[in-house]
Structures are given as C-alpha cells and as structure tokens.
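Student: Got a structure here, written out as structure tokens. Questions coming.
What follows draws every value from the coordinates through simple rules; no lab data is involved. Keep in mind it's a predicted model, so treat the numbers as computed, not measured. In this analysis, Cβ positions are derived from the backbone assuming ideal geometry, glycine residues included, and neighbour counts consider all displayed protein chains.
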C-alpha cells in the first residue's frame with residue numbers, strides 16, 4: 001500500500017493506532033537484536049560461505065529496517 005492509495009484525510013483510528021505502535025515497538029526491539037548480531041558477526045574473522053550468509057543476513061536486516069522506517073512514517077502521518 002502506498003501513500004497515494006489513501007487520501008490525505010484518511011486516518012487510522014486511535015485505538016488501532018495504539019496497537020500498531022505497540023507492535024512496531026516490539027518489532028523494533030527484535031530487529032535491533034538481528035542488526036546487532038549481524039554487526040558482531042561481521043567483525044568476526046570468518047571466511048567462506050558463512051561470510052556470504054552473514055552478508056545475506058545483513059542485507060535482509062537492512063531491508064527490514066527500511067521497511068520498518070517506512071511503516072513508522074506511514075503510521076505517524078495517518079494516525080488520528
């Protein structure tokens with residue numbers, strides 16, 4: 001769903017917004033664990049396919065972080 005699929009006046013009801021914000025907070029905590037673990041793994045002296053898997057993990061975590069930021073902005077913009 002993009003911002004253009006909702007009118008500028010479309011608002012998320014307050015009770016729904018509160019629950020979504022709670023879930024986003026929990027997601028943020030879980031995502032932080034993955035990002036930090038990926039960072040620490042990248043600092044280890046690892047070679048071969050495992051290093052590539054760590055790169056895939058990091059790339060996926062970075063993509064998830066961008067999506068999380070977009071969702072947070074969408075919720076902020078459309079909350080009542």
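Student: For residues that are within 11 Å of residue 75 (Cβ to Cβ) and touching a residue at least 60 places away in the same chain (Cβ under 8 Å), scanning just the range 12-38, find the one that is surrounded by the most Cβ atoms within 10 Å (Cβ to Cβ).
Tutor: In this case the residue turns out to be 12.
Student: Let me ask you something else. Limited to the range 40-54, what total is found for residues that are surrounded by 11 or more Cβ atoms within 10 Å (Cβ to Cβ) and either without any contact (Cβ under 8 Å) to a residue 12 or more places away in the chain or under 26 Å from residue 74 (Cβ atoms) (or both)?
Tutor: 5
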